[in-house]
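Novice: Okay, handing you the structure first.
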Amino acid sequence: MSEERVGSLEELSGWPEELCRRELPSVLPRLLSMYQHSESWIEHIQILKIMIEMFLPHMNYLTLEQTFFSQVLPKTVKLFDEMMYELTTQARGLSSQNVEIQTTLRNILQTMVQVLGALTGCVQHVCATQESVILENIHSLPSSVLHVIKSTFVHCKNSDSVYSGCLHLVSDLLQALFKEAYSLQKQLMELLDMVCMDPSVDENDDVLNMVLVIHSLLDICSVISSMDHAFHANTWKFIIKQSLKHQSVIKSQLKHKDIIASLCEDMLFSFHSCLQLAEPMPLSDAQGQDNVDYKLFQKTLKLCRFFANSLVHYTKEFLPFLSDSCCTLHQLYLQIYSKFPPSLYAARVSKAHQEEIAGTFLVTLDPLISQLLTFQPFVQVVLDSKLDLPCDLQFPQCLLLVAVMDKLPAQPEDVQALWCTKCQVSEAVSRQSLLQAIFYSFEQCSGELSLPVHLQEVKSKGQAEVAVTLYQHVCVHLCAFIASFHPSLFPELDAALLDAVLSANMITSLLAMDAWCFLARYGTAELCAHHVTIVAHLIKSCPGECYQLTNLSLLLKRLFFFMAPTHQVEFIQKFSPKEAENLPLWQCISFQALSAESRKQTTQEVTRVGTVQCRKWLSGSHTLGELESLNSALSALIAVCASAGETLDIGQQTAIIEVGSQLWVFLSIKQVTRQPCVQQTFRLLLSLLGFFVQTLHPQLICQVVNLQTSLLKFEPPDHVCLAMVDFVSSLGKLFIHHTLQDKILPYLSSILALLIAEKNWLLEQHTLEAFTQFAEGTNLEEIVPQCLSSEETKNKVVSFLEKTGFIEETEAAKVERVKQEKGIFREPSASVAAAVVKCSSVQTCAKRARHEFPLEEQYRSALQAAVRALEVTESLLQKAPAPAWLLVEMEALQARIEQLKHSVLQGEC
């Protein structure tokens, strides 16, 4: 720096205010030139401070941008960046021994503090001279200041890594630098708060400048989020305030997706911090005045509430622009509730802290869902048919759907329709209805249902909260929703309930049945009768045994209880028990649902038709193909005995016992082990004979027990074993004459011992229950110790009687086990999906689309006829030798089957 220039600057610094004002036109150009051409940081700062402190106050506000800011600030920013680069580069060599570098770094930091101070002077001058500010007149100032502030905060945030272990050597100046940047930003926000924009102009330089300011402050928020919570919150408050203040002119220019994403990210970070503080906090004196952790917890919780309020406010005002933020908002809800009790993946937080978090934060976030109810993109995201959530987010998804369901009744019909109808936007984009999504989501919560987790529910207004299971929670809210369902959407309700009833998942099917039964009771008697008729027709059209038929049968049994007596009479007339084809229906119905007069008449007719069907089979060819009608008749007779046995007279009881005894003669070990339809007959006969065990012929009881013993050696299916268990349990009521004890006792003890030793937990449980009932009722006390021959069996029985488990498991261990099971249950479907993707990627042949098999029913009918023909042939072979030509015809038939298999394989390609 030349002595002349130094002297000139020193002289200028002593000028009085009036002289500065008068000489401004001649001196300012010279100072600006010196500033642009100066290469010394110190001289830069001297010139900058003189211009700002002595000459800036006398400049025309309207020309401030052109005459000063646009010429000075770009150079100032460049100067600051050079200092920041030099600072970062030199910091690598900082050490307590290297005094030279230490001095250099401290000088740079002091100069940077002065630059920030000079910029603060610029901002303060504009604030002091104007009541309202037009951004175009000062547009270089906010952008330059924000650049410098962000650069400063980034450096301070990274100071630990930049200065390694020597941060203490410069920490005082870093603190000063941070404070100066902090003060500068506060001043700038005051200035920006004075900005006025013309709402009639959609897009001009002012709009673009304000949008740039907001986005720059958003970037700063991401830097300071972990540095100063209060400053971070104030910056966010300013962003939201300015966005709303200038909403009419900047709404289409803002990067709403970035703002929402940052808000959600900061909220989640604060929420996780809140949980981390609450988790280890002791319950005793947690809320004490001197508890530092608790005070920090409260501050963090208030920050969560602030973010929630900000998000709700912003979403309300800019909803039409948030279509690409719906995934973020959806994930926000799921992430929060996945980490909050009663989620299996939640932090272990005390009850008091849970209530405090829920009352302060979650209740503030709740209006967000109400605002998004009418927004079609959000509906699409939540109900996406291809939504594949990880295990920890399945339970929160279920809670979200229930929350939506609770809010819909207050919405108009079009909003309800938006949520409650399916939609196929394209082949790749489709959504479920809300009810379908609830049943599907509920099905994914196997761990939460089996543990079970409990939620807090208010039974009615004015009463305290009570803990309810997830099943109760969903069921109650689902029924309440059905009660308010708009009539125009009933087809969607019927379809969703029927789909869920037909689900392979038992708990989902039961939930749908409970909801359907509520609908039957809440709706009109005509609606109930209509539904019963539909279910009855579905049962009659259901081919063969399947889980769908079981579910429909249970639903019909339950719905029948809600029918009005007049409608029950109409049902009896429409599906007359006098017709054999209606026996599949009457085997599903509890006759206790009928009036006394109808019950007596109907049971007589079912008993008559059922026994006639049994005799018809006995007098026929005894073919396997006709067993389906026989099994249907036996099932109907069992339904009569189970729910209306007291209405049967002696003659009817005798008729049932006779056909049961005659049918038993035709059963053989070979048939029961090989033929599923014969296994069904065997199971049904055991159940039927169990009702009349007191009056059965002793010889028949010996045959039944003997056959069971032999059959157990071939490891029959579980449903057959369960029938054996029930029959053995009924024998506890039987007085066995001493002349038959030697024929029955060895087999009976063998059956019980083998069944108790079963590894299938369900069969083992039922066997233990049956054994207990048998042991309590039998007069054959000597058989009880014979069944407990092994130590393992004895321990099982003792544990069952004492109601103790074999494994002691802590609550935490149980939760971890359930979480692992959820993951395991999810893997197979993922593996299958991966396999399908792999196959589709290498398959070049065209594939059939699902549900596009022409003549499928004809195929099924033809194949069933062929199976029945083979069963008849098998039955004939058991009665008489085969003719010589049979083997030749069978070989020809086998050749034709091979040809058909080849055709099927060709067709798949």
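The values are calculated or read from the model by the stated rules, or taken from the named source; none is laboratory data. Worth saying up front: this structure is predicted, and the values here are computed from it rather than measured. Methodologically, a virtual Cβ is constructed for each residue, glycine included, from the backbone with ideal geometry; neighbour enumeration extends over all protein chains shown.
Novice: Identify all residues within segment 137-165 that are part of a helix (DSSP H, G or I) and over 30 Å from GLY93 (Cβ atoms); write none if there are none.
Specialist: At the first step, the residues of segment 137-165 found to be part of a helix (DSSP H, G or I) are 137, 140-157, 159-162, 164-165.
ASN137, SER140, LEU141, PRO142, SER143, SER144, VAL145, LEU146 - these are the residues of segment 137-165 that are part of a helix (DSSP H, G or I) and over 30 Å from GLY93 (Cβ atoms).
Novice: Then there's this: TYR471 - would you say it is over 23 Å from LEU329 (Cα atoms) and assigned to a helix (DSSP H, G or I)? Walk me through how you get there before you give the answer.
Specialist: Details: over 23 Å from LEU329 (Cα atoms): yes; assigned to a helix (DSSP H, G or I): yes.
Here the answer is yes, as TYR471 does meet what is asked.
Novice: Any idea which of (1) out of contact with any Lys or Arg (no Cβ under 7 Å at 6 or more places or on another chain); (2) touching a residue at least 60 places away in the same chain (Cβ under 8 Å) is the one ALA118 doesn't satisfy?
Specialist: (1)
Novice: OK, next. Any residue in segment 7-25 that is over 16 Å from MET59 (Cβ atoms) sitting within a Cβ distance under 9 Å of a residue that is charged (D, E, K, R)? List the pairs, counting only those 6 or more apart or interchain.
Specialist: Every condition considered, the pairs that remain are SER8/ARG30; LEU9/GLU43; SER13/LYS49; SER13/GLU53.
Novice: Looking only at segment 298-352, count how many residues are closer than 22 Å to GLU279 by Cα and among the hydroxyl-bearing types (Ser, Thr, Tyr).
Specialist: As a first pass, look at segment 298-352 and keep what is closer than 22 Å to GLU279 by Cα: 298-308, 332-352.
The next check asks that each one be among the hydroxyl-bearing types (Ser, Thr, Tyr); those that pass are 300, 333, 337-338, 343, 345, 350.
Going through segment 298-352 one residue at a time, the tally reaches 7.
Novice: Separate question: Name the pairs whose Cβ atoms lie under 6 Å apart, with the first residue in segment 748-761 and free of Cβ contacts under 8 Å to residues at least 12 places away in the same chain, the second part of a helix (DSSP H, G or I) and surrounded by fewer than 14 Cβ atoms within 10 Å (Cβ to Cβ), and 6 or more positions between them or separate chains?
Specialist: Cβ pairs passing all conditions: none.
Novice: Sticking with this one: Does GLN587 satisfy being of a type outside the set (D, E, K, R), surrounded by 16 or more Cβ atoms within 10 Å (Cβ to Cβ) and closer than 22 Å to LEU510 by Cα? I'd like the intermediate steps shown before the answer.
Specialist: Details: of a type outside the set (D, E, K, R): yes; surrounded by 16 or more Cβ atoms within 10 Å (Cβ to Cβ): yes; closer than 22 Å to LEU510 by Cα: yes.
Here the answer is yes, as GLN587 does meet what is asked.
Novice: Given the structure, is VAL312 of a type in the set (A, V, I, L, M), without any contact (Cβ under 8 Å) to a residue 12 or more places away in the chain, assigned to a helix (DSSP H, G or I) and out of contact with any His (no Cβ under 8 Å at 6 or more places or on another chain)? I'd like the intermediate steps shown before the answer.
Specialist: On the way: of a type in the set (A, V, I, L, M): yes; without any contact (Cβ under 8 Å) to a residue 12 or more places away in the chain: no; assigned to a helix (DSSP H, G or I): yes; out of contact with any His (no Cβ under 8 Å at 6 or more places or on another chain): yes.
Taking the combined requirement at face value, the residue does not satisfy it.
Novice: For the condition among the hydrophobic types (A, V, I, L, M, F, W, C), under 56 Å from the mean Cα position of the chain (by Cα) and surrounded by fewer than 20 Cβ atoms within 10 Å (Cβ to Cβ), what is the one hit in VAL77, VAL148? Step through it out loud before you land on a result.
Specialist: Working: VAL148 fails: surrounded by fewer than 20 Cβ atoms within 10 Å (Cβ to Cβ).
Testing whether each residue is among the hydrophobic types (A, V, I, L, M, F, W, C), under 56 Å from the mean Cα position of the chain (by Cα) and surrounded by fewer than 20 Cβ atoms within 10 Å (Cβ to Cβ) leaves just VAL77.
Novice: Here is a check on your reading of the model: is LEU217 in a helix (DSSP H, G or I), over 21 Å from THR152 (Cβ atoms) and at pLDDT 90 or above?
Specialist: Details: in a helix (DSSP H, G or I): yes; over 21 Å from THR152 (Cβ atoms): no; at pLDDT 90 or above: yes.
It is false that LEU217 is in a helix (DSSP H, G or I), over 21 Å from THR152 (Cβ atoms) and at pLDDT 90 or above.
Novice: Being within 55 Å of the chain's Cα centre (by Cα), part of a helix (DSSP H, G or I) and of a type in the set (A, V, I, L, M, F, W, C) is the filter here; which residues of segment 119-136 pass it?
Specialist: LEU119, CYS122, VAL123, VAL126, CYS127, LEU135
Novice: Take segment 646-655 and flag every residue that is part of a helix (DSSP H, G or I) and more than 51 Å from the chain's Cα centre (by Cα). Don't jump to the end; show me each part of the working.
Specialist: So in segment 646-655, the residues part of a helix (DSSP H, G or I) come out as 646-647, 650-655.
ILE650, GLY651, GLN652, GLN653, THR654, ALA655 - these are the residues of segment 646-655 that are part of a helix (DSSP H, G or I) and more than 51 Å from the chain's Cα centre (by Cα).
Novice: In this structure, does THR88 turn out to be in contact with a helix residue (DSSP H, G or I) (Cβ under 8 Å, 6 or more places away or on another chain), surrounded by fewer than 16 Cβ atoms within 10 Å (Cβ to Cβ) and over 28 Å from LEU28 (Cβ atoms)?
Specialist: Numbers: in contact with a helix residue (DSSP H, G or I) (Cβ under 8 Å, 6 or more places away or on another chain): yes; surrounded by fewer than 16 Cβ atoms within 10 Å (Cβ to Cβ): yes; over 28 Å from LEU28 (Cβ atoms): yes.
Considered against the rule, which asks whether it is in contact with a helix residue (DSSP H, G or I) (Cβ under 8 Å, 6 or more places away or on another chain), surrounded by fewer than 16 Cβ atoms within 10 Å (Cβ to Cβ) and over 28 Å from LEU28 (Cβ atoms), THR88 comes out as yes.
Novice: Answer yes if at least one residue in segment 457-468 is under 20 Å from LEU511 (Cβ atoms), touching a residue at least 60 places away in the same chain (Cβ under 8 Å) and outside the structural domain of SER338 (by TED's automatic domain parsing), and no otherwise.
Specialist: no
Novice: All but one of (1) surrounded by fewer than 17 Cβ atoms within 10 Å (Cβ to Cβ); (2) not in a helix (DSSP H, G or I) hold for THR63; which doesn't?
Specialist: Only one criterion in (1) surrounded by fewer than 17 Cβ atoms within 10 Å (Cβ to Cβ); (2) not in a helix (DSSP H, G or I) is unmet by THR63, namely (2).
Novice: If you scan segment 452-472, which residues turn out to be surrounded by 14 or more Cβ atoms within 10 Å (Cβ to Cβ) and either modelled with pLDDT under 90 or of a type in the set (S, T, N, Q) (or both)? Can you show your working first?
Specialist: So the first thing to find is which residues in segment 452-472 are surrounded by 14 or more Cβ atoms within 10 Å (Cβ to Cβ), and the list is 452-457, 468-472.
Answer for segment 452-472, where residues must be surrounded by 14 or more Cβ atoms within 10 Å (Cβ to Cβ) and either modelled with pLDDT under 90 or of a type in the set (S, T, N, Q) (or both): GLN456, GLU457, THR469, GLN472.
Novice: Within segment 481-498, can you find the residues that are among the charged types (D, E, K, R) and surrounded by fewer than 18 Cβ atoms within 10 Å (Cβ to Cβ)? If you could, list the steps in order and put the result at the bottom.
Specialist: Looking only at segment 481-498, we keep the residues that are among the charged types (D, E, K, R), and these are 492, 494.
The one that is among the charged types (D, E, K, R) and surrounded by fewer than 18 Cβ atoms within 10 Å (Cβ to Cβ): ASP494.
Novice: Condition check: surrounded by fewer than 20 Cβ atoms within 10 Å (Cβ to Cβ), closer than 19 Å to MET51 by Cβ and not acidic (Asp, Glu). Does GLY165 satisfy that? If you could, list the steps in order and put the result at the bottom.
Specialist: Numbers: surrounded by fewer than 20 Cβ atoms within 10 Å (Cβ to Cβ): yes; closer than 19 Å to MET51 by Cβ: no; not acidic (Asp, Glu): yes.
Answer is no for this residue.
Novice: Could I ask something else about it? Taking the residues in segment 719-741 that are outside any loop (DSSP other than H, G, I, E, B) and aliphatic (A, V, I, L, M) as candidates, determine which candidate is farthest from the chain's Cα centre (by Cα). Spell out how you get there, then give the answer.
Specialist: Just the residues of segment 719-741 that are outside any loop (DSSP other than H, G, I, E, B), to begin with: 719-733, 738-741.
Filter again for aliphatic (A, V, I, L, M), leaving 720, 722-725, 728, 731, 740.
On the way: VAL720: 37, LEU722: 35, ALA723: 38, MET724: 41, VAL725: 39, VAL728: 44, LEU731: 48, LEU740: 60 Å.
Result: LEU740.
Novice: Given the conditions (1) touching a residue at least 40 places away in the same chain (Cβ under 8 Å); (2) under 42 Å from the mean Cα position of the chain (by Cα), and given that ILE744 satisfies all but one, which numbered condition is not satisfied?
Specialist: For ILE744, the failing item is (2).
Novice: Now a separate question. Hey, among HIS477, HIS486, which residue is modelled with pLDDT under 95 and closer than 18 Å to TYR522 by Cα? Talk me through it step by step, then tell me what you get.
Specialist: Details: HIS477 fails: modelled with pLDDT under 95.
Going through HIS477, HIS486 in turn, the sole match is HIS486.
Novice: Sticking with this structure for a sec: Residue pairs, Cβ under 8 Å, 6 or more apart or interchain, first in segment 89-103 and of a type in the set (A, V, I, L, M), second assigned to a loop (DSSP other than H, G, I, E, B). List them.
Specialist: ALA91/TYR163; LEU94/TYR163; LEU94/VAL170; ILE101/GLY93; ILE101/LEU94; ILE101/SER95
Novice: When you check LYS796 against the structure, is it within 46 Å of the chain's Cα centre (by Cα) and in contact (Cβ under 8 Å) with a residue 40 or more places away in the chain, yes or no? Give the steps one after another, and end with the answer.
Specialist: Numbers: within 46 Å of the chain's Cα centre (by Cα): yes; in contact (Cβ under 8 Å) with a residue 40 or more places away in the chain: yes.
The answer is yes for LYS796.
Novice: State all residues of segment 334-354 that are in a loop (DSSP other than H, G, I, E, B) and not small (Gly, Ala, Ser); if no residue qualifies, say none. Give the derivation first.
Specialist: Pass one, segment 334-354, residues in a loop (DSSP other than H, G, I, E, B): 339-350.
Of everything in segment 334-354, those that are in a loop (DSSP other than H, G, I, E, B) and not small (Gly, Ala, Ser) turn out to be LYS339, PHE340, PRO341, PRO342, LEU344, TYR345, ARG348, VAL349.
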